[in-house]
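Following: one structure in C-alpha coordinates, then a few remarks.
The values are calculated or read from the model by the stated rules, or taken from the named source; none is laboratory data. All values reported here derive from a predicted model rather than from experimental measurement. Cβ atoms come from the backbone with ideal geometry, glycine included; neighbour counts cover every protein chain shown. Note: accessible area is taken over every heavy atom of the protein model, side chains too, but ligands, DNA and RNA are not part of it. Shrake-Rupley method; radii C 1.70, N 1.55, O 1.52, S 1.80 Å.
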Number of protein chains: 2
Amino acid sequence: MKLIDQPKAPNPRRVRIFLAEKGITIATEPLDLMKGEHRSSGFTALNPYQTIPVLVFDDGSAISESVAICRYFEELHPEPALFGIGARERADVEMWNRRIELGLYFRVAQATRHLHPAMAAIESPQVAEWGEINRNRTMEQLALLDDQLARHRFVAGGTYSIADITALVSIDFMRLLKIERPAGLAHLARWHAEVSARPSAKA
Amino acid sequence: MKLIDQPKAPNPRRVRIFLAEKGITIATEPLDLMKGEHRSSGFTALNPYQTIPVLVFDDGSAISESVAICRYFEELHPEPALFGIGARERADVEMWNRRIELGLYFRVAQATRHLHPAMAAIESPQVAEWGEINRNRTMEQLALLDDQLARHRFVAGGTYSIADITALVSIDFMRLLKIERPAGLAHLARWHAEVSARPSAKA
(Lines give C-alpha, C1' and ligand atoms only; values in the text may rest on other atoms or scores of the structure.)
Protein backbone atom coordinates (compact mmCIF):
# COMPACT_ATOMS: atom_id res chain seq x y z
CA MET A 1 0.00 0.00 0.00
CA LYS A 2 1.27 3.51 -0.82
CA LEU A 3 -0.04 7.07 -0.85
CA ILE A 4 0.56 9.18 -3.94
CA ASP A 5 1.27 12.50 -2.39
CA GLN A 6 2.53 16.04 -2.96
CA PRO A 7 4.37 17.70 -0.06
CA LYS A 8 3.09 21.25 -0.78
CA ALA A 9 -0.51 20.58 -1.88
CA PRO A 10 -3.29 21.05 0.69
CA ASN A 11 -5.39 17.90 0.12
CA PRO A 12 -2.54 15.39 0.60
CA ARG A 13 -1.66 17.26 3.81
CA ARG A 14 -5.16 16.51 5.14
CA VAL A 15 -4.47 12.79 4.77
CA ARG A 16 -0.95 13.04 6.25
CA ILE A 17 -2.25 14.87 9.35
CA PHE A 18 -5.08 12.34 9.70
CA LEU A 19 -2.64 9.41 9.55
CA ALA A 20 -0.29 11.11 12.04
CA GLU A 21 -3.19 11.57 14.49
CA LYS A 22 -3.95 7.84 14.12
CA GLY A 23 -0.29 6.87 14.48
CA ILE A 24 -0.31 5.17 11.07
CA THR A 25 2.78 5.18 8.82
CA ILE A 26 2.55 4.24 5.14
CA ALA A 27 4.85 4.60 2.14
CA THR A 28 4.43 7.76 0.08
CA GLU A 29 5.34 8.56 -3.51
CA PRO A 30 5.46 12.18 -4.75
CA LEU A 31 3.60 13.39 -7.84
CA ASP A 32 4.33 16.82 -9.30
CA LEU A 33 1.14 18.62 -10.35
CA MET A 34 3.09 21.60 -11.66
CA LYS A 35 4.87 19.33 -14.14
CA GLY A 36 1.50 17.88 -15.20
CA GLU A 37 2.31 14.40 -13.90
CA HIS A 38 -1.36 13.99 -12.91
CA ARG A 39 -2.22 13.95 -16.61
CA SER A 40 0.05 10.99 -17.42
CA SER A 41 -1.64 7.84 -18.71
CA GLY A 42 -0.29 5.79 -15.80
CA PHE A 43 -1.74 8.11 -13.19
CA THR A 44 -5.00 8.59 -15.11
CA ALA A 45 -5.49 4.82 -15.09
CA LEU A 46 -5.29 4.93 -11.27
CA ASN A 47 -7.50 8.01 -10.98
CA PRO A 48 -9.40 9.19 -14.08
CA TYR A 49 -10.26 12.38 -12.17
CA GLN A 50 -6.51 13.22 -12.04
CA THR A 51 -6.52 14.47 -8.44
CA ILE A 52 -4.23 13.70 -5.52
CA PRO A 53 -3.86 12.10 -3.03
CA VAL A 54 -4.48 8.52 -4.17
CA LEU A 55 -4.16 5.44 -1.98
CA VAL A 56 -2.86 2.53 -4.07
CA PHE A 57 -3.36 -1.05 -2.88
CA ASP A 58 -0.96 -3.90 -3.56
CA ASP A 59 -3.47 -5.41 -6.03
CA GLY A 60 -3.24 -2.22 -8.12
CA SER A 61 -6.68 -0.87 -7.19
CA ALA A 62 -6.92 2.64 -5.74
CA ILE A 63 -9.01 5.08 -3.71
CA SER A 64 -8.88 8.80 -4.42
CA GLU A 65 -10.53 11.75 -2.60
CA SER A 66 -8.90 12.74 0.70
CA VAL A 67 -11.94 12.14 2.88
CA ALA A 68 -12.59 8.71 1.31
CA ILE A 69 -8.99 7.72 2.15
CA CYS A 70 -9.38 9.05 5.71
CA ARG A 71 -12.68 7.22 6.17
CA TYR A 72 -11.04 3.97 5.02
CA PHE A 73 -8.40 4.29 7.75
CA GLU A 74 -11.05 5.30 10.31
CA GLU A 75 -12.83 1.99 9.63
CA LEU A 76 -9.62 -0.03 10.04
CA HIS A 77 -8.26 1.96 13.02
CA PRO A 78 -11.27 3.42 14.85
CA GLU A 79 -9.24 5.07 17.63
CA PRO A 80 -8.83 7.89 18.18
CA ALA A 81 -12.16 8.57 16.43
CA LEU A 82 -11.74 11.47 14.01
CA PHE A 83 -15.21 11.25 12.43
CA GLY A 84 -17.12 11.25 15.75
CA ILE A 85 -18.76 8.52 17.80
CA GLY A 86 -22.47 7.72 17.50
CA ALA A 87 -25.09 8.92 15.00
CA ARG A 88 -25.46 12.53 16.13
CA GLU A 89 -21.76 13.24 16.68
CA ARG A 90 -20.88 11.67 13.32
CA ALA A 91 -23.49 13.89 11.66
CA ASP A 92 -22.06 16.96 13.42
CA VAL A 93 -18.52 16.14 12.29
CA GLU A 94 -19.73 15.53 8.73
CA MET A 95 -21.65 18.83 8.81
CA TRP A 96 -18.69 20.85 10.05
CA ASN A 97 -16.20 19.17 7.74
CA ARG A 98 -18.46 20.04 4.82
CA ARG A 99 -19.12 23.57 6.02
CA ILE A 100 -15.35 24.13 6.12
CA GLU A 101 -14.78 22.40 2.78
CA LEU A 102 -17.60 24.07 0.86
CA GLY A 103 -17.21 27.40 2.65
CA LEU A 104 -13.64 28.20 3.68
CA TYR A 105 -11.58 25.68 1.69
CA PHE A 106 -13.61 26.32 -1.49
CA ARG A 107 -13.08 30.10 -1.22
CA VAL A 108 -9.34 29.85 -0.57
CA ALA A 109 -8.88 27.29 -3.33
CA GLN A 110 -10.86 29.28 -5.91
CA ALA A 111 -9.01 32.50 -4.99
CA THR A 112 -5.62 30.78 -5.24
CA ARG A 113 -6.35 28.91 -8.45
CA HIS A 114 -7.67 32.01 -10.20
CA LEU A 115 -5.22 34.63 -8.86
CA HIS A 116 -1.83 32.99 -8.21
CA PRO A 117 0.43 33.10 -11.30
CA ALA A 118 1.84 29.61 -10.63
CA MET A 119 -1.68 28.15 -10.71
CA ALA A 120 -2.07 28.95 -14.40
CA ALA A 121 -0.51 25.52 -14.92
CA ILE A 122 -3.53 23.77 -13.36
CA GLU A 123 -6.41 26.28 -13.73
CA SER A 124 -6.75 27.50 -17.29
CA PRO A 125 -8.14 29.98 -18.06
CA GLN A 126 -7.85 31.88 -14.78
CA VAL A 127 -10.78 34.24 -14.13
CA ALA A 128 -9.39 37.07 -12.00
CA GLU A 129 -12.82 38.53 -11.18
CA TRP A 130 -13.94 35.19 -9.74
CA GLY A 131 -10.68 34.90 -7.82
CA GLU A 132 -11.16 38.32 -6.19
CA ILE A 133 -14.76 37.52 -5.19
CA ASN A 134 -13.50 34.41 -3.44
CA ARG A 135 -10.59 36.19 -1.76
CA ASN A 136 -13.09 38.66 -0.27
CA ARG A 137 -15.55 35.95 0.79
CA THR A 138 -12.79 34.11 2.67
CA MET A 139 -13.17 36.81 5.36
CA GLU A 140 -16.87 35.96 5.95
CA GLN A 141 -15.94 32.31 6.26
CA LEU A 142 -13.25 33.04 8.85
CA ALA A 143 -15.75 35.09 10.88
CA LEU A 144 -18.27 32.20 10.86
CA LEU A 145 -15.56 29.83 12.07
CA ASP A 146 -14.45 32.27 14.78
CA ASP A 147 -18.03 32.39 16.00
CA GLN A 148 -18.17 28.59 16.30
CA LEU A 149 -14.79 28.55 18.09
CA ALA A 150 -16.06 31.15 20.56
CA ARG A 151 -18.42 28.46 21.84
CA HIS A 152 -16.41 25.26 21.28
CA ARG A 153 -12.81 24.19 21.76
CA PHE A 154 -12.68 22.46 18.37
CA VAL A 155 -14.45 22.99 15.04
CA ALA A 156 -17.10 20.28 15.48
CA GLY A 157 -17.43 20.61 19.28
CA GLY A 158 -15.43 19.37 22.24
CA THR A 159 -13.28 16.81 20.41
CA TYR A 160 -10.56 17.16 17.74
CA SER A 161 -11.85 15.76 14.43
CA ILE A 162 -11.32 15.73 10.68
CA ALA A 163 -13.12 19.10 10.60
CA ASP A 164 -10.15 20.61 12.49
CA ILE A 165 -7.78 19.10 9.96
CA THR A 166 -9.73 20.56 7.03
CA ALA A 167 -9.88 23.98 8.73
CA LEU A 168 -6.17 24.00 9.60
CA VAL A 169 -5.17 23.05 6.07
CA SER A 170 -7.55 25.67 4.60
CA ILE A 171 -6.13 28.45 6.76
CA ASP A 172 -2.51 27.51 6.15
CA PHE A 173 -3.32 27.31 2.41
CA MET A 174 -4.14 31.06 2.60
CA ARG A 175 -0.38 31.74 2.86
CA LEU A 176 0.26 30.90 -0.79
CA LEU A 177 -1.82 33.89 -1.93
CA LYS A 178 -0.76 35.92 1.16
CA ILE A 179 -4.39 36.23 2.33
CA GLU A 180 -4.13 37.73 5.83
CA ARG A 181 -6.32 36.61 8.70
CA PRO A 182 -8.20 39.70 9.93
CA ALA A 183 -7.11 40.94 13.35
CA GLY A 184 -9.69 40.47 16.08
CA LEU A 185 -10.69 36.87 15.42
CA ALA A 186 -9.35 35.85 18.82
CA HIS A 187 -11.08 32.48 19.06
CA LEU A 188 -9.77 31.45 15.66
CA ALA A 189 -6.26 32.52 16.71
CA ARG A 190 -6.52 30.54 19.96
CA TRP A 191 -7.70 27.43 18.10
CA HIS A 192 -5.11 27.81 15.31
CA ALA A 193 -2.27 27.99 17.84
CA GLU A 194 -3.59 24.90 19.63
CA VAL A 195 -4.06 22.67 16.58
CA SER A 196 -0.80 23.88 15.00
CA ALA A 197 1.08 22.80 18.14
CA ARG A 198 -0.06 19.18 17.77
CA PRO A 199 2.76 17.01 16.35
CA SER A 200 0.45 15.97 13.48
CA ALA A 201 0.48 19.54 12.09
CA LYS A 202 4.04 18.97 10.84
CA ALA A 203 2.99 15.95 8.77
CA MET B 1 -38.23 16.36 13.90
CA LYS B 2 -38.68 18.21 10.61
CA LEU B 3 -36.78 18.86 7.40
CA ILE B 4 -36.52 22.42 6.13
CA ASP B 5 -36.82 21.89 2.44
CA GLN B 6 -37.32 23.48 -0.96
CA PRO B 7 -39.21 21.47 -3.59
CA LYS B 8 -37.21 22.78 -6.57
CA ALA B 9 -33.68 23.00 -5.12
CA PRO B 10 -31.24 20.17 -5.87
CA ASN B 11 -29.71 19.55 -2.43
CA PRO B 12 -33.01 19.02 -0.58
CA ARG B 13 -33.97 16.57 -3.33
CA ARG B 14 -30.89 14.48 -2.48
CA VAL B 15 -32.20 14.06 1.06
CA ARG B 16 -35.79 13.38 -0.07
CA ILE B 17 -34.63 10.62 -2.45
CA PHE B 18 -32.39 9.16 0.27
CA LEU B 19 -35.28 9.05 2.75
CA ALA B 20 -37.59 7.52 0.14
CA GLU B 21 -35.04 4.75 -0.54
CA LYS B 22 -34.93 4.07 3.21
CA GLY B 23 -38.73 4.17 3.52
CA ILE B 24 -38.54 7.01 6.07
CA THR B 25 -41.20 9.72 6.22
CA ILE B 26 -40.64 12.96 8.12
CA ALA B 27 -42.39 16.32 8.27
CA THR B 28 -41.11 18.96 5.86
CA GLU B 29 -41.35 22.74 5.93
CA PRO B 30 -40.62 24.81 2.80
CA LEU B 31 -38.14 27.71 2.73
CA ASP B 32 -38.01 30.06 -0.26
CA LEU B 33 -34.43 30.91 -1.23
CA MET B 34 -35.62 33.24 -4.01
CA LYS B 35 -37.40 35.38 -1.41
CA GLY B 36 -34.24 35.40 0.73
CA GLU B 37 -35.85 33.48 3.58
CA HIS B 38 -32.50 31.76 4.22
CA ARG B 39 -31.14 35.13 5.37
CA SER B 40 -33.79 35.62 8.08
CA SER B 41 -32.54 35.77 11.66
CA GLY B 42 -34.63 32.76 12.67
CA PHE B 43 -33.18 30.55 9.94
CA THR B 44 -29.65 31.90 10.45
CA ALA B 45 -29.86 30.88 14.11
CA LEU B 46 -30.59 27.31 12.95
CA ASN B 47 -27.92 27.37 10.26
CA PRO B 48 -25.42 30.25 10.24
CA TYR B 49 -24.26 29.06 6.81
CA GLN B 50 -27.77 29.82 5.43
CA THR B 51 -28.04 26.68 3.30
CA ILE B 52 -30.82 24.12 2.91
CA PRO B 53 -31.82 21.44 3.72
CA VAL B 54 -31.72 21.56 7.53
CA LEU B 55 -32.90 18.78 9.84
CA VAL B 56 -34.41 20.32 12.99
CA PHE B 57 -34.75 18.23 16.15
CA ASP B 58 -37.51 18.64 18.71
CA ASP B 59 -34.99 20.17 21.16
CA GLY B 60 -34.34 22.98 18.64
CA SER B 61 -30.87 21.78 17.59
CA ALA B 62 -30.20 21.19 13.91
CA ILE B 63 -28.02 19.45 11.34
CA SER B 64 -27.35 21.05 7.95
CA GLU B 65 -25.48 19.73 4.89
CA SER B 66 -27.33 17.12 2.83
CA VAL B 67 -24.79 14.34 3.26
CA ALA B 68 -24.58 14.89 7.04
CA ILE B 69 -28.36 14.52 7.24
CA CYS B 70 -28.26 11.38 5.09
CA ARG B 71 -25.44 9.90 7.18
CA TYR B 72 -27.48 10.51 10.35
CA PHE B 73 -30.37 8.47 8.93
CA GLU B 74 -27.97 5.77 7.67
CA GLU B 75 -26.73 5.31 11.26
CA LEU B 76 -30.29 5.03 12.60
CA HIS B 77 -31.68 2.94 9.73
CA PRO B 78 -28.74 0.97 8.28
CA GLU B 79 -30.81 -0.91 5.68
CA PRO B 80 -30.76 -0.67 2.77
CA ALA B 81 -27.15 0.54 3.09
CA LEU B 82 -26.69 3.61 0.89
CA PHE B 83 -23.12 4.42 2.01
CA GLY B 84 -21.73 0.91 1.41
CA ILE B 85 -20.94 -2.02 3.69
CA GLY B 86 -17.42 -2.60 5.04
CA ALA B 87 -14.31 -0.42 4.94
CA ARG B 88 -13.45 -0.70 1.25
CA GLU B 89 -17.00 -0.37 -0.09
CA ARG B 90 -17.66 2.63 2.17
CA ALA B 91 -14.48 4.27 0.87
CA ASP B 92 -15.55 3.58 -2.73
CA VAL B 93 -18.99 5.12 -2.13
CA GLU B 94 -17.43 8.16 -0.44
CA MET B 95 -14.96 8.50 -3.32
CA TRP B 96 -17.65 8.36 -6.00
CA ASN B 97 -20.05 10.60 -4.14
CA ARG B 98 -17.28 13.20 -3.87
CA ARG B 99 -16.14 12.77 -7.46
CA ILE B 100 -19.72 13.50 -8.56
CA GLU B 101 -20.13 16.38 -6.10
CA LEU B 102 -16.80 18.09 -6.78
CA GLY B 103 -16.82 17.25 -10.48
CA LEU B 104 -20.29 17.12 -12.03
CA TYR B 105 -22.48 18.79 -9.38
CA PHE B 106 -19.95 21.60 -8.87
CA ARG B 107 -19.79 22.35 -12.60
CA VAL B 108 -23.57 22.35 -13.08
CA ALA B 109 -24.10 24.47 -9.97
CA GLN B 110 -21.45 27.04 -10.89
CA ALA B 111 -22.78 27.27 -14.47
CA THR B 112 -26.35 27.71 -13.25
CA ARG B 113 -25.54 30.19 -10.50
CA HIS B 114 -23.44 32.37 -12.81
CA LEU B 115 -25.52 32.16 -16.01
CA HIS B 116 -29.21 31.77 -15.09
CA PRO B 117 -30.96 35.15 -14.68
CA ALA B 118 -33.06 33.94 -11.73
CA MET B 119 -29.90 33.00 -9.82
CA ALA B 120 -28.85 36.66 -9.54
CA ALA B 121 -30.94 36.59 -6.35
CA ILE B 122 -28.53 34.15 -4.68
CA GLU B 123 -25.22 34.58 -6.57
CA SER B 124 -24.17 38.20 -6.74
CA PRO B 125 -22.24 39.27 -8.70
CA GLN B 126 -22.65 36.66 -11.42
CA VAL B 127 -19.45 36.08 -13.44
CA ALA B 128 -20.58 34.98 -16.89
CA GLU B 129 -17.09 33.93 -18.03
CA TRP B 130 -16.81 31.54 -15.06
CA GLY B 131 -20.31 30.23 -15.76
CA GLU B 132 -19.45 29.42 -19.39
CA ILE B 133 -16.23 27.60 -18.39
CA ASN B 134 -18.28 25.43 -16.07
CA ARG B 135 -21.02 24.78 -18.62
CA ASN B 136 -18.34 23.48 -21.02
CA ARG B 137 -16.60 21.37 -18.36
CA THR B 138 -19.88 19.67 -17.51
CA MET B 139 -19.40 17.68 -20.75
CA GLU B 140 -16.05 16.23 -19.58
CA GLN B 141 -17.67 15.23 -16.30
CA LEU B 142 -20.51 13.42 -18.08
CA ALA B 143 -17.99 11.53 -20.20
CA LEU B 144 -16.07 10.40 -17.10
CA LEU B 145 -19.31 9.17 -15.55
CA ASP B 146 -20.32 7.38 -18.76
CA ASP B 147 -16.99 5.58 -18.69
CA GLN B 148 -17.60 4.36 -15.13
CA LEU B 149 -21.14 3.27 -16.05
CA ALA B 150 -19.78 1.30 -19.00
CA ARG B 151 -18.15 -1.00 -16.44
CA HIS B 152 -20.62 -0.86 -13.54
CA ARG B 153 -24.38 -0.94 -13.15
CA PHE B 154 -24.36 1.92 -10.61
CA VAL B 155 -22.06 4.90 -9.97
CA ALA B 156 -20.06 3.35 -7.13
CA GLY B 157 -20.19 -0.26 -8.41
CA GLY B 158 -22.78 -3.01 -8.29
CA THR B 159 -25.10 -1.47 -5.69
CA TYR B 160 -27.29 1.63 -5.70
CA SER B 161 -25.83 4.23 -3.30
CA ILE B 162 -25.84 7.89 -2.33
CA ALA B 163 -23.45 8.44 -5.26
CA ASP B 164 -26.33 7.54 -7.63
CA ILE B 165 -28.56 10.04 -5.85
CA THR B 166 -25.97 12.82 -6.19
CA ALA B 167 -25.43 11.98 -9.88
CA LEU B 168 -29.16 11.84 -10.67
CA VAL B 169 -29.82 15.18 -8.96
CA SER B 170 -26.82 16.76 -10.72
CA ILE B 171 -27.98 15.63 -14.15
CA ASP B 172 -31.60 16.65 -13.61
CA PHE B 173 -30.32 20.02 -12.31
CA MET B 174 -28.85 20.59 -15.81
CA ARG B 175 -32.43 21.18 -17.06
CA LEU B 176 -32.69 24.58 -15.38
CA LEU B 177 -29.96 26.01 -17.63
CA LYS B 178 -31.04 23.74 -20.53
CA ILE B 179 -27.62 22.03 -20.64
CA GLU B 180 -28.09 19.11 -23.03
CA ARG B 181 -26.57 15.70 -22.42
CA PRO B 182 -24.37 14.93 -25.44
CA ALA B 183 -25.65 12.15 -27.69
CA GLY B 184 -23.63 8.97 -27.60
CA LEU B 185 -23.22 8.55 -23.85
CA ALA B 186 -25.19 5.31 -23.98
CA HIS B 187 -24.15 3.96 -20.58
CA LEU B 188 -25.14 7.19 -18.88
CA ALA B 189 -28.51 7.10 -20.67
CA ARG B 190 -29.08 3.46 -19.61
CA TRP B 191 -28.24 4.29 -15.99
CA HIS B 192 -30.30 7.51 -15.98
CA ALA B 193 -33.38 5.65 -17.21
CA GLU B 194 -32.93 2.98 -14.56
CA VAL B 195 -32.45 5.26 -11.56
CA SER B 196 -35.17 7.65 -12.76
CA ALA B 197 -37.64 4.74 -12.82
CA ARG B 198 -37.15 4.03 -9.13
CA PRO B 199 -40.08 5.36 -7.08
CA SER B 200 -37.63 7.44 -4.99
CA ALA B 201 -36.80 9.62 -8.02
CA LYS B 202 -40.19 11.32 -7.65
CA ALA B 203 -39.43 12.40 -4.08
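Points to keep in mind about this one:
- Looking only at the range A:39-86, and only at residues there that are open to solvent by less than 20 Å² (accessible area, probe 1.4 Å) and in a helix (DSSP H, G or I), the one that is farthest from A:I165 (Cα to Cα): A:F43
- Every residue from the range B:128-181 that is free of Cβ contacts under 8 Å to residues at least 40 places away in the same chain and among the small types (G, A, S): B:A128, B:G131, B:A150, B:G158
- Looking only at the range A:178-192, residues that are surrounded by 19 or more Cβ atoms within 10 Å (Cβ to Cβ) and part of a loop (DSSP other than H, G, I, E, B) come to 2 in all.
- Residues of the range B:137-166 that are more than 14 Å from chain A (Cβ to nearest Cβ) and crowded, with 21+ Cβ neighbours inside 10 Å: B:T138, B:D164, B:I165.
- All of B:L168, B:L115, B:L177 fail the test of being within 26 Å of B:R71 (Cα to Cα) and under 20 Å from the mean Cα position of the chain (by Cα), apart from B:L168.
- With respect to the conditions (1) in contact (Cβ under 8 Å) with a residue 24 or more places away in the chain; (2) within 17 Å of A:G157 (Cβ to Cβ), A:I26 lacks only one, and its number is (2).
- Residues of the range A:1-38 that are farther than 28 Å from A:H116 by Cα and part of a helix (DSSP H, G or I): A:L19, A:A20, A:E21, A:K22.
- A Cβ distance below 7 Å, combined with a sequence gap of six or more or placement on separate chains, defines the contacts here; from the range A:88-105, residues that are over 15 Å from A:A143 (Cα atoms) reach residues that are open to solvent by 20 Å² or more (accessible area, probe 1.4 Å) and not in a helix (DSSP H, G or I) in the pairs A:D92/A:A156; A:V93/A:A156; A:E94/B:E65; A:M95/B:E65; A:R98/B:E65.
- Restricting the range A:103-136 to residues that are within 8 Å of chain B (Cβ to nearest Cβ) and outside any loop (DSSP other than H, G, I, E, B), the residue that is farthest from B:L76 (Cα to Cα) is A:E129.
- Residue count for the range B:1-29 under the criterion of being at pLDDT below 95, open to solvent by 40 Å² or more (accessible area, probe 1.4 Å) and of a type outside the set (D, E, K, R): the result is 1.
- Failed item, numbered, when A:R88 is tested on (1) modelled with pLDDT under 95; (2) more than 29 Å from B:R107 (Cβ to Cβ): (1)
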